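Asker: Input: one structure, supplied below.
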């Protein structure tokens, strides 16, 4: 939704703002909150790089280049979304944000964009106080801050714009200074979760309208609320259950849902790891960072196709044979691709093909969770436990007796199974390794870049595996075991909920997931859109505890 | 605790310069060019500043192969460290220093790193470079500069390849791309101190206003949030002030520096953990950092050389995996492949010393005026050992550190090194470290 | 033997008895490397600059005036003048003529050509002359590869120590591979377990450029489309023996580089190719080819070749002199020259066109 000239006038007729919009002191109406479930305190959440870019694109248009080096994100309890409540910005980060803000602002005010985006005729050169400019800054600010500017904030912006225009003798430079400031400010960079107290006696509350709108929009679209959602917040409609539900359904029905779902799975599957993935290019020349990009995209397309376009069962992700390939991926998988030019085309693995474990045998999974020069059953097993089954595997202990691993009579173990043998027999190691190794060893037919192999160092690979008592052969067996595992569906429901609300589930929420969300998810055939809807309409989605009382 | 910068004088001087006036006369020596110890810059003929740097590598060194046999000033350089032989008399080798967990869980490839860099095995305390840059970093454009040869996560539990932390959440992230680091230091915002003319950039004045306006809504914002978030917001505003300080410095003509030359702009290089790629990128990065020292863009550098994921082209096993899996060679008596990596790492450390030594400053070199603190995460990486962590101190620290010593410790914490370093660099530290690693004893043999 | 083979076919992995496809990623004139230049006993041909110098002297100019091309006083105009002089050094009835368009307007400079004992290729004419090569790989005598002789003593078409080929071959192959589709070679069945069996070989053209891997080679097992154009379908019978493919004699027609060498038309061609286990293949393709197109590819860029030391009219004369096949019925002069090309290939997967017979349709189909 680009910032158009028409909007300036629309906003000018909007509701008048109170001095302190974050804390109205009113009690919400409509939706009942499960008050026996204490949930997270409000938090400041740093926008991710993709959210930053999406927001800028939504407001100013997708031809504005918002690429820049941004500070690294923190993963907490398996999700970057949870870590966003903890990231702080070091001076290097401010440097980077300031540079990026300036770059974006410079484009908005340049000759190519200014008429369309700002649209104020250059009347009196240095006067910032004309209503058109004021209106632009207020409108841009509202979209950037995801709520109307306070009068104090607006004053700050206008003064800054005036100063900037004076120094550089150019009204647009002044507007640029204001935009640069807003894009570097905590009101933009952080998502503010402002509470509204419901019951001061029990310290319970819920997110105010704007905060709730943001949470919903970032959950489903990975971007800032659009104009319609902001208006619904502003008018109070979001505080009614019918108004809220209408917006939920609107966002779910939009094609932009794909972006939100992609952002979720990128986070859940740890795809940020691809940025620093390195493979030995002498042993595996087919690997390149471009292949990494293709690998991620293959999995995301498969997920979107199965879950969104076809409204499929989540469990099928572990057995689906349909995927999408580029020529590069075809070269790694050793299958003919229809896309002989460098484009994407659908592909279906035959029943003969050993690649029958859906996303588990995609390069994005097996290559990401491996070493540079060889595969890793332990890392893959751990990834399955932690990313897909929500089961924590403890870190290795400090002082390990590695003398046990050196069997001097057989110094060269040819297959990974042989190398990891000691993990299974030594009691100190087995405790954790029995969680990971039997699972990961079933994927040993896939090397460190995802190509299929039947031998390692001349020895035939034994890909038998085990998941919580269920024995199977090879990757296809693993896929089926994952499909049948109740932990897999419970995990995605839990993670998606946590991703949406931004905190780890507490005891009461866990109970609600088990007795309420879980059975509903099953009833809906494990489809993702109903799950998203259930979460967005859940009592926990807007609930908050320990709101700050003024 | 940051030392406040004195800006009042500068504001008066700057009034009227804005916009177009060309300043050809050097500004009088302002307070900001002095550290709190009063060391002025070379331009006025006074003492040239002392610099500090950390150089970190993962997976230690095999005990028994690197420690000189005898302690003392006349130590013999071991074959394993032969690449450091040219600097024998300007480095101090500290052996036998230990890390104490005090019951805390051992986080492999990280507890030792934290102990050496911050005096504790947890993640709360500030790292030594931030303590020192808090003291000596006020008058340079960058308080400190962090680099690493790759973004690939090594064996460690840390999430970012940097030892430089202000607290558990505030990490100074590294730059891994030489071209990006060049642009950051020597790109459009760089003022050559030796350039004849100085024109304060009006865009920078606007930038200054932009930054200072961020704080105007601070109070209103802080009222709305809980204590935790308030702290994060404070850290955010502190970071903003830090950048404001940078901008302020860039609005004043820098003093000329004879040893400052522009480095050549590096070409785009591939990134990765293959050993040739790593040493190429390392050479490019340290070249930029050394030039940054010479041009007084910073006085503190942090190089995170490797977390352990080094590998040789064609070898499926990384350095780190080899430390655990390679059997001891019967004839040699140690892990041969691991030994190769350790010597490769020392080669690259020697490259840093050589680069520093290549810049003349007056009658000495940059290495004479720098203190480099090189350390690792483990002693014997094979078993994640926390005894006998290899620590090497290099450089003259402006005459404050004596070199050429091997000190063989027994049952002493690694914090002995960090405390000594801080005192040499002028930090008023009564003690350093937590729990049984708390110490108040410097290593007197190396203090001049 | 046949029963044995069928039994194997049932239990062995899926790839036995299926067609194997290769993308030919290098196709360049093959020569043998001589460490002490024994094949050019009188030395190599002129270095760069010397042709220009000679041309200036022949046409009555002062060489010193033109040859300090890096000097401060040298201008673009002067360079253009030099190019003119070199180009128009030919003389027809005393008047200047374009030496590249009319090579016989320049007297034969008798460039040195290769005279070594060893050379790759095949005995194309069935005769064993003392001047013929011995193939170092097969030991075959009477091998005919006069095309390489023409290039042998020029510094950048001369064979270099392996794994290099020649400066021109290495540079040209790289440029070609990155911009043009490779040839596709199909072997009707490839079975590691069988020893001596018949195959059908098809050489055709691809429609897609290759994707490269980290070593710079084409990534194995990538999918390429085959051009259905009937002009480039070359089918021949061959034998697989001990991992080496040898074909019967056939005519080979393939497109080349539109700019330099538009089409290859080999006559009496034959191929030998060793299939290696790691998905690669190397070999030699020999046959007669009209020699004039080899001259034309140099004539098109005339001065550029000469400034790096390749005498263009000189090459014309050498080609003409060494041409050894297909005499013109009228004049009796040889129109073709014996040649051998080094072939390198990697295993790929192909997508055969559906029932389209035109290249346009095949390409349209893919732009979904």
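Computed from the coordinates by the stated procedures, all read-outs in this text should not be read as laboratory data. Since the model is a prediction, treat every value here as computed from it, not as a measurement. No Cβ is skipped: glycine too gets one built from the backbone with ideal geometry, and neighbour counts run over all protein chains shown.
Asker: Using a 10 Å cut-off on Cβ to Cβ distances, tally the other chain neighbours for every residue of B:311-322 and report the average as a whole number.
Answerer: Taking all residues of B:311-322 together, the mean is 5.
Asker: What is the average number of partner chain Cβ atoms found within 10 Å of a Cβ in B:193-205? Intermediate values should be presented prior to the final figure.
Answerer: Values: counts 0, 0, 0, 0, 0, 0, 0, 0, 0, 5, 6, 1, 4.
Whole-number average of other-chain Cβ neighbours for B:193-205 is 1.
Asker: Next up: How high is the relative contact order of chain A, given as a whole-number percent (alpha carbon pairs under 8 Å, six or more residues apart)? Intermediate values should be presented prior to the final figure.
Answerer: On the way: 865 pairs, mean separation 95.9, N = 550.
It comes to 17 percent, rounded to a whole number.
Asker: Based on the Kirkwood radius over alpha-carbon pairs, what value in µm²/s does the Stokes-Einstein equation return for the translational diffusion coefficient of chain B at 4 °C and 1.567 mPa s? List each step's numbers first, then the result.
Answerer: Values: Rh = 22.8 Å.
D, rounded to a whole number, is 57 µm²/s.
Asker: While we're looking at this one, here's another question. With the convex hull built on the Cα atoms of the protein assembly as shown, state its orientation-averaged projected area in nm².
Answerer: Averaging across all directions leaves 62.3 nm² for the Cα convex hull.
Asker: Compute the distance from the alpha-carbon center of segment C:277-339 to that of segment A:366-386, in whole Å.
Answerer: 55 Å
Asker: Restricting to Cα pairs below 8 Å that are 6+ residues apart, what does the relative contact order work out to for segment A:433-550? Please round to a whole percent. Can you show the working numbers first?
Answerer: Values: 90 pairs, mean separation 19.3, N = 118.
Normalised by residue count, the contact order of segment A:433-550 is 16 percent.
Asker: Oh, and also: Output the peptides C:233-242, B:288-297 sorted from most to least packed, where packing is the average of other Cβ atoms within 10 Å over each peptide's residues. Intermediate values should be presented prior to the final figure.
Answerer: Numbers: C:233-242: 15.4, B:288-297: 24.1.
Taking the mean over residues of other Cβ atoms within 10 Å, the ranking is B:288-297, C:233-242.
Asker: Taking every pair of alpha-carbon atoms in segment B:298-448, give the share separated by more than 19 Å as a whole percent.
Answerer: 62 percent
Asker: Just tell me how shielded B:237-243 is by partners: mean number of partner chain Cβ atoms within 10 Å of each residue's Cβ, no decimals.
Answerer: Average per residue, whole number: 6.
Asker: What is the Cα centroid distance between segment B:291-307 and segment A:71-86, reported in whole angstrom?
Answerer: Segment B:291-307 and segment A:71-86 have Cα centres spaced 28 Å from each other.
Asker: Moving on. Would you compute, from DSSP H runs of 4+ residues alone, the mean residue ellipticity of the protein assembly as shown at 222 nm, taking -39500 (n - 2.57) per run and dividing by the full residue count, rounded to the nearest 500?
Answerer: It lands at -10000 deg cm²/dmol.
Asker: Percent relative contact order of segment C:50-105, based on C-alpha pairs within less than 8 angstrom and at least six residues apart?
Answerer: Values: 46 pairs, mean separation 13.9, N = 56.
Worked out over segment C:50-105, it gives 25 percent.
Asker: Would you please put A:379-385, A:471-477 in order of how densely packed they are, using the mean number of other Cβ atoms within 10 angstrom per residue and starting with the highest? List each step's numbers first, then the result.
Answerer: Details: A:379-385: 23.4, A:471-477: 18.6.
Ranking, from highest mean packing down: A:379-385, A:471-477.
Asker: Next question. What is the angle, in °, between the Cα long axis of helix B:227-250 and the longest principal axis of the Cα atoms in chain B? Nearest 10 is fine, range 0 to 90.
Answerer: 70 degrees
Asker: Would you mind pulling out the separation of the Cα centroids of segment A:186-225 and segment A:450-501, in Å?
Answerer: 37 Å
Asker: Then there's this: How large is the Kirkwood hydrodynamic radius of segment C:50-105, in angstrom, based on all distinct alpha carbon pairs? Write down the numbers at each step before the final one.
Answerer: On the way: mean 1/r = 0.0854 Å⁻¹.
So the Kirkwood estimate lands at 11.7 Å.
Asker: Relative to the longest principal Cα axis of chain C, at what angle does helix C:312-322 sit, 0 to 90 degrees, rounded to 10?
Answerer: So the helix axis and the longest Cα principal axis differ by about 60 degrees.
Asker: Sort A:182-192, C:160-170 by the packing proxy (mean of other Cβ within 10 Å over each peptide's residues), most packed first.
Answerer: Answer by packing, highest mean first, reads A:182-192, C:160-170.
Asker: For the Cα atoms of chain A, what angle does the longest principal axis make with the long axis of helix A:427-440, in degrees from 0 to 90, nearest 10?
Answerer: Approximately 80 degrees, to the nearest ten.
Asker: Rounded, prolate or oblate: pick one for segment A:264-484, where a ≥ b ≥ c are the square roots of the eigenvalues of its C-alpha gyration tensor, a/c under 1.5 means rounded, and failing that, prolate if a/b is larger than b/c, else oblate.
Answerer: Prolate, because a/c is 1.5 or more and a/b exceeds b/c.
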